[in-house]
Amino acid sequence: MAAREMSLAILVDQATGNHPASWLHPDTNAAASTDVGHYRHLARVAEAGKFDLFFIADTPATRTENFRAWSRFPMYMNALEPVTLLTAIAGATERIGLGGTVSTSFSEPYNVARQFASLDHISAGRAAWNVVTSANDYAARNFGHAQLAPHALRYERAGEFVDVVHKLWNSWDDDAFVRDRESGLYFDPERMHVVHHEGKFFKVDGALNIARSPQGFPVISQAGASDTGRELAARTAEVVFASAADPESAKVAYDDLKGRMARYGRPPDSLRILAGMPVVLGRSTAEAEERFGMLQTLLHPDVGLFRLAMDLEVDLTGLPLDEPIPEDRLPKSSNFHKAFFDGIMKTIRDENPTLRQLYLRYERGRKTIKGTPVEVADVMEHWFRAGACDGFMLQFHTLPSSLEAFVAGVVPELQRRGLFRRDYTGPTLRDHLGLARPANPLTRR
């Protein structure tokens, strides 16, 4: 039996890097966000490192207020639409998986099914759809709503949305398009499956106008950390992006999510859980710490405060930077990003930091791993062998330099330890992830 190997993915939510001040760093191109050549280069570097997945995060909105902060932290303020971008990247790569976020709150199932089936055909079986319900009211207002629907309602809609997309992806048997010139028959009507769906949120009566895609259907990913999100993932997801801060809590979450799958008739190995891991490399630990510290000095107080306020879902205006946040200003619960909210509140409860200390330490998820390639590989091996994850969703603070350093230094170390592939063994993303190609349940033969 072959040794278990980890999966590696790269998360790109800002073209210049994951750090909020990355665009200010001299190693980055401040104009990279609309530069297709930049993204193609990133994907090719990750492909040279044999990564499973190149993933583009997105929200269907720009910010229309709080410009004091957003003008210094331009996340999603100037971003290419992800499926269009991934299609452009597909032609510049051959093997790496291509994933993107499209919201179930502000899309229609037919459009999403067609977009990602098309991407799967264009890329020869490398597409992945990241299912999100959206987590900001900027997006809601773009689609005629004053604010997001409640969390539970968004996830209920998402569940039905994914079900409809699956039905559309299964509109045709794999061999439906016979293209028989002798008989003049292009497709066999008996191998077509019309969708008749009428639910709480969607009514669809038709079929997808594209053949079943190379992977059967694109890989489904998700990142919801709430109980509702985990339940949806247990039922529908094939990749989950996790955000636990340490291997012990990650192991608990890992076992919880995998343990939910049996009630949906799914084996645990049909889902890959990737731990979020921000990385800063150096020739020594001290150099890595210095590189991270340099980035932190670029973080403007307006940005630091706003990032905290966004995930705490509270107004921090007017509070003194060198005192703790008053108890009466802290909210009781979250409606948006529960994992980030819970992480901030734990730091406040455990350490009672000043506001300045809190925003300088806050990293929106996992703490950055800083060290040499060997030290970073040690951390990854510990998480992986502890059963805390099936691999990693890597975040790099400056791009492309940090990704290039990881591929040159950490990937060979992981390969030397037998933890990561030396080459791709198949052409599709499902092959990379060790996921079976799904059969069409509607096929009558």
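Observations, loosely collected:
- Helices (runs of 4 or more DSSP H) lying entirely in the range 1-120 (those with 2 or more residues that are over 23 Å from Pro301 (Cα atoms) and over 15 Å from the mean Cα position of the chain (by Cα)): 36-48, 82-90
- Checked against (1) loosely packed, with under 14 Cβ neighbours inside 10 Å; (2) under 30 Å from His337 (Cα atoms); (3) touching a residue at least 40 places away in the same chain (Cβ under 8 Å), Glu190 meets all criteria but (2).
- The range 379-408, residues that are out of contact with any His (no Cβ under 7 Å at 6 or more places or on another chain) and farther than 20 Å from Ala242 by Cβ: Leu399, Ser401, Ser402, Leu403, Glu404, Ala405, Val407, Ala408
- Search result, residues across the range 394-432 that are within 21 Å of the chain's Cα centre (by Cα), open to solvent by 10 Å² or more (accessible area, probe 1.4 Å) and of a type in the set (A, V, I, L, M): Val407
- Residue under evaluation Val240, criteria (1) free of Cβ contacts under 8 Å to residues at least 60 places away in the same chain; (2) farther than 25 Å from Val407 by Cα, criterion not met: (2)
- Gly259 being of a type in the set (Gly, Ala, Ser), more than 21 Å from Trp23 (Cα to Cα) and part of a helix (DSSP H, G or I): yes
- Residue check for Arg179: open to solvent by 60 Å² or more (accessible area, probe 1.4 Å), more than 20 Å from the chain's Cα centre (by Cα) and farther than 30 Å from Glu313 by Cβ: yes
- Apart from one condition, Asp378 fits all of (1) part of a loop (DSSP other than H, G, I, E, B); (2) acidic (Asp, Glu); (3) surrounded by fewer than 17 Cβ atoms within 10 Å (Cβ to Cβ); the exception is (1).
- For the criterion of being assigned to a loop (DSSP other than H, G, I, E, B) and either under 23 Å from Ala339 (Cα atoms) or under 20 Å from the mean Cα position of the chain (by Cα) (or both), Leu274 fails.
- Of everything in the range 223-256 that is assigned to a loop (DSSP other than H, G, I, E, B) and not hydrophobic (A, V, I, L, M, F, W, C), the residue that is farthest from Ala127 (Cα to Cα) is Asp246.
- Of the criteria (1) over 22 Å from the mean Cα position of the chain (by Cα); (2) surrounded by fewer than 16 Cβ atoms within 10 Å (Cβ to Cβ); (3) not basic (Lys, Arg), which one Asn440 fails: (2)
- For the range 324-368, a tally of residues being modelled with pLDDT of 85 or more, closer than 29 Å to Thr228 by Cα and open to solvent by less than 40 Å² (accessible area, probe 1.4 Å) returns 7.
- The number of residues in the range 121-138 that are assigned to a helix (DSSP H, G or I) and touching a strand residue (DSSP E or B) at 6+ places or on another chain (Cβ under 7 Å) comes to 1.
- Restricting attention to the range 99-149, the residues that are charged (D, E, K, R) and either within 27 Å of Leu394 (Cβ to Cβ) or open to solvent by less than 10 Å² (accessible area, probe 1.4 Å) (or both) total 2.
- Restricting the range 277-318 to residues that are under 23 Å from Ala408 (Cβ atoms) and out of contact with any Ser or Thr (no Cβ under 8 Å at 6 or more places or on another chain), the residue that is most open to solvent (accessible area, probe 1.4 Å) is Glu290.
- Among the residues making up the range 196-222, those that are small (Gly, Ala, Ser), in a loop (DSSP other than H, G, I, E, B) and crowded, with 16+ Cβ neighbours inside 10 Å are Ala207, Ala211.
The values are calculated or read from the model by the stated rules, or taken from the named source; none is laboratory data. All figures in this text were calculated on a predicted structure; none of them were measured in a lab. A quick note on method: Cβ atoms are made from the backbone with ideal geometry, for glycine too, and the neighbour counts reach across all protein chains shown. When the accessible area is computed, the model is the full protein with side chains, heavy atoms only, and any ligands, DNA or RNA have been set aside. Shrake-Rupley method; radii C 1.70, N 1.55, O 1.52, S 1.80 Å.
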